[in-house]
Amino acid sequence: IMFLDTRVLRHLTAEDWRVLTAVEMGSKNHELVPTPLIERISRLKGGASGVHRSIATLAKSGLIGRMKEAKYDGYRLTYGGLDYLALHTHSSKDVVYSVGSRVGVGKESDIMIVADKTGEQKILKIHRLGRISFRTVKSNRDYLRNRQGGSWMYLSRLAAMKEYAFMQALQEEGFPVPEPISQSRHTIVMSLVESLPLRQVSAVPNPASLYAELIDLILRLAKHGLIHGDFNEFNILIKEERTNKYTIEDGEEKEEETVTLVPVIIDFPQMVSMDHVNAEMYFDRDVECIKRFFKKRFHFVPTSPGPFFKDAYKTVGKDGARRLDAAVEASGFTKKMLKELEKAIQEQQAKIDAGEAVPEDEELEEDEEDDDEEDSDDEEDEEDEQEEEEQAVFEIPASVGRPVEV
Ligand code: ADP
Ligand code: MG
């Protein structure tokens with residue numbers, strides 16, 4: 001399995017970037033961008049000579065790929081190529097200067113620690129809708145090949161746009177969410193929350209109060225017209241806030257540290273409106289998720305039932321609460337886009353549920369087997385090209401401890 005090193009980024013020339021951008025532009029209406037078109041767009045953008053040399057460099061680095069059995073000569077952008085373009089944009093905006101280690105592989109994303117020039121750490125979330133089908137066994141490849149060109153790119157970008165729009169709207173309303181910093185293509189940069197996912201919290205001093213706070217968040221979201229849609233122990237981060245209290249006891253000054261647990265919510269691509277046709281199902285599922293977790297982990301069972309969707313629904317937009325579902329739509333996120341994204345997320349979830357899509361780690365073995373087969377294959381070169389294309393190549397070798405400049 002080949003992984004790319006972000007250090008390659010620094011070796012790309014201005015012309016290489018221009019050609020990579022040309023492939024991206026051409027991808028908007030070509031599944032496979034014809035080489036002459038790449039040349040034309042690159043030249044228009046100011047290049048002249050080395051287009052072919054750049055194409056070779058980019059292909060060798062796995063940023064663009066050829067397709068097997070193509071009817072004409074052309075290239076398409078790989079996930080790695082798109083990653084690099086996005087990183088390039090973040091770095092030219094001075095948002096990202098270096099890339100550190102990967103902190104999480106979600107089912108639809110890669111989460112990386114990045115830092116700006118001042119060394120401040122942030123989170124880069126790379127959306128990977130459709131990745132699972134990229135990485136699963138060969139039967140899925142036909143499905144992919146038949147799909148509309150670039151749709152993984154389009155859908156992953158939609159997911160990032162939606163997540164960013166919601167993070168902004170939620171932050172404006174004072175919800176505890178990471179600070180949205182920048183969005184480019186299928187990626188977003190947000191503040192790093194020093195925390196543990198609730199999933200990793202083994203005990204809390206007062207489960208009842210944390211539970212109440214989380215239910216309150218569900219109700220506050222509802223009041224603003226929203227349902228999180230994946231309100232589980234992985235998407236709730238627990239921050240410890242320490243404050244020192246000074247008291248005078250028997251004429252002596254005493255210092256006492258109090259620790260407050262503050263939940264922060266993340267992961268918004270699947271958020272739905274309270275007016276969604278399945279709103280009640282999503283709402284109940286979020287509530288159930290929290291109840292189930294609190295029972296299992298903290299042996300906490302609330303005394304009263306609910307909250308119920310119908311009661312929450314009555315509060316939508318009340319007391320002047322701004323409807324964030326409407327606000328996000330007004331910002332250019334159309335109903336059609338929301339539908340397309342929802343469908344893609346559901347398909348991905350269905351694959352996970354059906355066990356068709358295996359988590360990455362378990363999958364490595366299969367991939368290795370694939371590689372073995374291919375090694376004994378005479379058409380090795382062609383296979384390799386295809387393999388490169390199907391890898392999510394943006395990865396830092398574990399041996400690189402220090403953040404790598406981009
Ligand atoms: P996915 O959509 O793949 O589930 P998430 O946005 O939920 O991705 O992120 C996956 C994991 O990465 C989280 O469970 C959390 O551990 C970590 N993470 C994500 N965003 C942040 C952040 N802003 N600060 C700290 N950790 C984060
Ligand atoms: Mg998540």
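Per residue, the solvent-accessible area of segment 196-322 (1.4 Å probe, heavy atoms of protein chains only, all protein chains present) comes to 57 Å². Phi angles of segment 329-341 translate, via the Karplus equation with coefficients 6.51, -1.76, 1.60 and θ = phi - 60°, into HN-Hα couplings of 5, 5, 7, x, 8, 6, 4, 4, 4, 4, 5, 4, 5 Hz per residue; Gly and Pro are given as x. Under 28 Å of direct C-alpha separation, and excluding same-chain neighbours fewer than eight residues apart, K318 reaches these lysines: K162, K223, K291, K310, K335, K336, K339.
Decide, for segment 45-121, between rounded, prolate and oblate: order the square roots of the alpha carbon gyration tensor eigenvalues as a ≥ b ≥ c, take rounded if a/c falls under 1.5, and otherwise choose prolate if a/b is larger than b/c, else oblate.
Values: a/c = 3.37, a/b = 1.59, b/c = 2.13.
Because a/c hits 1.5 or more and a/b fails to exceed b/c, segment 45-121 counts as oblate.
Take the Cα of S49, go 7 Å toward its beta carbon, and the backbone nitrogen atoms of segment 17-36 under 17 Å from that spot belong to 17-19. Length gained on full extension, K60 to D311, computed as 0.36 nm times the residue gap minus the Cα-Cα distance: 84.5 nm.
Starting from 0.36 nm per residue, how many nanometres of slack lie between K93 and T118 once their C-alpha separation is accounted for? Intermediate results must be reported in sequence, preceding the final value.
On the way: separation 25, 0.36 × 25 = 9.00 nm, distance 1.38 nm.
Net length gain for the segment: 7.6 nm.
Extending 7 Å from the Cα toward the beta-carbon at both V103 and Y246 defines two label points whose distance is 3.3 nm.
Run the accessible area of segment 165-266 with a 1.4 Å probe and give the carbon-and-sulfur part as a rounded percent. Provide the component values of the computation, followed by the final result.
Working: 2220 of 4980 Å².
C and S fraction of accessible area: 45 percent.
Taking amide H positions as modeled 1.01 Å from N, with prolines and chain starts lacking one, the residues under 5 Å from L192 and 5 or more places away or on another chain are I123. The alpha carbons of segment 196-322 stretch over 63, 36, 30 Å along the principal axes, in descending order. The local environment of Y246, defined by Cβ-Cβ distances under 13 Å, has a net charge of -4 under the rule Lys, Arg +1 and Asp, Glu -1.
Other residues with beta-carbon under 14 Å from the beta-carbon of A208 carry, at +1 per Lys or Arg and -1 per Asp or Glu, a net charge of +1. Available extension along the chain between A212 and N278 is 21.3 nm, counting 0.36 nm per residue and deducting the alpha carbon span.
In the neighborhood of K291, defined by Cβ-to-Cβ distances under 13 Å, what is the net charge if each Lys or Arg adds +1 and each Asp or Glu adds -1?
On the way: positive: R285, R292, K295, K296, R297; negative: E233, D284, D286, E288.
That sum, taken over residues with Cβ under 13 Å, equals +1.
Applied to segment 185-198, the Karplus parametrisation 6.51 cos²θ - 1.76 cosθ + 1.60 on θ = phi - 60° returns per-residue 3J(HN,Hα) values of 6, 8, 10, 9, 10, 9, 5, 7, 9, 5, 6, 10, x, 3 Hz, with x for Gly and Pro. Across segment 207-216, rounded Karplus estimates of 3J(HN,Hα) from the backbone phi angles (6.51 cos²θ - 1.76 cosθ + 1.60, θ = phi - 60°) give x, 4, 6, 5, 4, 4, 5, 5, 5, 4 Hz, Gly and Pro being marked x.
The values are calculated or read from the model by the stated rules, or taken from the named source; none is laboratory data. Note that the coordinates shown come from a computational prediction; the quantities given were computed from them, not determined experimentally. Please note: Cβ atoms are built from the backbone with ideal geometry, for glycine as well, and neighbour counts cover all protein chains shown. Quick note on the areas: whole protein, heavy atoms, side chains included, nothing else; ligands and nucleic acids left out. Shrake-Rupley method; radii C 1.70, N 1.55, O 1.52, S 1.80 Å.
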